[in-house]
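A quick write-up on the structure given underneath.
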Amino acid sequence: MVLDKTLLITGTTGMLGKQFLDFFKDKCNNVYTLNRVDGDLLDFDFVKEFALKYNPDIIIHCIANTNLKYCEEQEKDTLLLHCGLTHCLSSLDCKMVYISTSSAQDPHNFYDKTKLLGEQICLLNNKNNLVIRTNIYGINSSSGKSLFEWAYNSLTEDIQITGYSDVYFNAVYTKQLVRTVFDLINKEHTGIINIAGDYTVSKFKFLQKVCEIFEFDKNLLIKGTQPANALVKRSKNIALNVNEIKQKYNIRLHLEEGLSELKNDLEIQ
Ligand SMILES: NC(=O)c1ccc[n+]([C@@H]2O[C@H](COP(=O)([O-])OP(=O)(O)OC[C@H]3O[C@@H](n4cnc5c(N)ncnc54)[C@H](OP(=O)(O)O)[C@@H]3O)[C@@H](O)[C@H]2O)c1
């Protein structure tokens with residue numbers, strides 16, 4: 001199905017934005033992107049002018065600084081990026097899909113807090129906007145150091161890694177998320193919704209599954225716990241309740257399926 005819509009996707013140089021662009025480029029009449037190469041994205045007059053030039057029906061907003069330590073240290077820039085830019089784009093006369101994070105349900109650090117504030121701004125500007133709380137894994141992140149990439153690269157080089165057995169989540173492969181967002185846009189869902197896996201696993205168990213599916217040596221994976229004195233405070237349970245997508249939309253996202261799809265994508269890359 002091709003949507004008769006003009007779409008603007010922000011942050012398409014990142015892990016998730018790239019997948020949105022890849023998926024939607026054939027699904028919408030016009031798809032435009034907004035990234036830092038286009039100009040200073042904290043110059044909101046510029047951003048407004050840029051967006052209005054394309055007159056989008058939908059903005060999928062993926063830009064965020066995912067370096068939690070940077071967010072802690074550079075509060076002003078983080079606030080401007082996560083809240084100022086979100087306000088600028090969500091106050092335009094179109095629908096916004098705001099990509100939030102599972103940790104907004106229990107904020108522990110500045111990244112979490114500003115992502116939560118971004119959600120609120122987005123919905124205050126337009127209650128028909130769509131806010132996606134999620135947790136993801138995949139490839140091609142801006143840092144190249146997301147959980148899966150770090151594990152995959154280390155294990156490929158036979159480097160031992162530690163997986164936290166006391167931190168729980170239900171991350172999904174970026175492609176599983178993108179397809180689900182497409183469904184929810186078509187179903188005209190509004191407000192906050194959780195998109196995550198139909199499972200809760202510790203990071204250790206997740207990495208065990210990575211070892212199993214990607215056929216890495218399981219002895220390279222060590223069980224550990226999240227350091228209590230880390231510079232950036234983090235919640236130990238960021239698993240999202242997925243009852244709404246299951247009961248209302250019959251969507252179930254599975255861990256083995258996501259990892260197998262990612263394995264396949266890496267093989268054909
Ligand atoms: N990764 C996760 O585990 C995770 C989990 C839950 C939610 N999310 C959310 O998912 C969304 C996408 O994240 P991701 O995983 O794709 O992260 P990513 O790979 O780090 O991509 C982030 C994007 O934001 C852009 N960006 C960062 N700082 C910027 C700045 N100051 N000015 C302009 N652009 C800037 C990056 O541009 P450059 O490439 O130029 O740096 C990149 O396009 C974010 O909203 C994030 O909060 C991520």
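Would you check if there is a residue in the range 131-146 being part of a helix (DSSP H, G or I) and either within 15 Å of the chain's Cα centre (by Cα) or crowded, with 19+ Cβ neighbours inside 10 Å (or both)? Break it down into steps so the answer makes sense when it comes.
Narrowing the range 131-146 to residues part of a helix (DSSP H, G or I): none.
The answer is no, given that none of the residues of the range 131-146 is part of a helix (DSSP H, G or I) and either within 15 Å of the chain's Cα centre (by Cα) or crowded, with 19+ Cβ neighbours inside 10 Å (or both).
Residue-by-condition table, conditions (1) over 22 Å from Ile195 (Cβ atoms); (2) surrounded by 15 or more Cβ atoms within 10 Å (Cβ to Cβ); (3) in contact (Cβ under 8 Å) with a residue 12 or more places away in the chain:
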{"residue": "Met1", "(1), (2), (3)": "no, no, yes"}
{"residue": "Thr12", "(1), (2), (3)": "no, yes, yes"}
{"residue": "Phe24", "(1), (2), (3)": "no, yes, yes"}
{"residue": "Leu34", "(1), (2), (3)": "yes, yes, yes"}
{"residue": "Leu42", "(1), (2), (3)": "yes, yes, yes"}
{"residue": "Cys88", "(1), (2), (3)": "yes, yes, yes"}
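Would you say Asp93 is charged (D, E, K, R) and either under 23 Å from Asn135 (Cα atoms) or in contact with a Cys (Cβ under 9 Å, 6 or more places away or on another chain) (or both)?
Values: charged (D, E, K, R): yes; either under 23 Å from Asn135 (Cα atoms) or in contact with a Cys (Cβ under 9 Å, 6 or more places away or on another chain) (or both): no.
Spelling it out, it is not the case that Asp93 is charged (D, E, K, R) and either under 23 Å from Asn135 (Cα atoms) or in contact with a Cys (Cβ under 9 Å, 6 or more places away or on another chain) (or both).
Of the conditions (1) assigned to a loop (DSSP other than H, G, I, E, B); (2) within 11 Å of the ligand (Cβ to nearest atom), Leu80 fails just one. Which one is it?
Result: Leu80 fails condition (1) only.
Which numbered condition trips up Phe110, out of (1) in contact with a Lys or Arg (Cβ under 9 Å, 6 or more places away or on another chain); (2) more than 30 Å from Arg252 (Cβ to Cβ); (3) aromatic (Phe, Trp, Tyr)?
Phe110 satisfies every listed condition except (1).
Right, Thr66: buried (at least 20 other Cβ atoms within 10 Å of the Cβ), of a type outside the set (A, V, I, L, M) and touching a Ser or Thr at 6+ places or on another chain (Cβ under 9 Å) or not? Let's see the steps before the verdict.
Values: buried (at least 20 other Cβ atoms within 10 Å of the Cβ): no; of a type outside the set (A, V, I, L, M): yes; touching a Ser or Thr at 6+ places or on another chain (Cβ under 9 Å): yes.
The answer is no for Thr66.
How many residues are of a type in the set (Ser, Thr, Tyr) and either away from the ligand (no atom under 11 Å from the Cβ) or more than 22 Å from Leu253 (Cα to Cα) (or both) if we restrict to the range 127-165?
Taking the range 127-165 as the starting set, the residues that turn out to be of a type in the set (Ser, Thr, Tyr) are 134, 137, 141-143, 146, 152, 154, 156, 162, 164-165.
Add one more test, that the residue is either away from the ligand (no atom under 11 Å from the Cβ) or more than 22 Å from Leu253 (Cα to Cα) (or both), and what stays is 142-143, 152, 154, 156, 162, 164-165.
The number of residues fulfilling the criteria is 8.
Within the set of pairs 6+ apart or on separate chains, which have a first residue in the range 217-240 that is under 18 Å from Asp158 (Cβ atoms) and at pLDDT 95 or above, a second that is β-branched (Val, Ile, Thr) and in a strand (DSSP E or B), and C-beta atoms under 9 Å apart?
From the range 217-240, the pairs are Leu220/Ile161; Leu221/Ile161; Leu221/Thr162; Ile222/Ile161; Ile222/Thr162.
Assuming Glu212 fulfils every condition listed in (1) surrounded by 14 or more Cβ atoms within 10 Å (Cβ to Cβ); (2) at pLDDT 95 or above; (3) not small (Gly, Ala, Ser) apart from one, which condition is it?
The one condition Glu212 does not meet is (1).
The values are calculated or read from the model by the stated rules, or taken from the named source; none is laboratory data. Values in this document were obtained by computation on a predicted structure and should not be read as measured data. Using ideal geometry, Cβ is built from the backbone for each residue, glycine included, and neighbour counts are taken over all protein chains shown.
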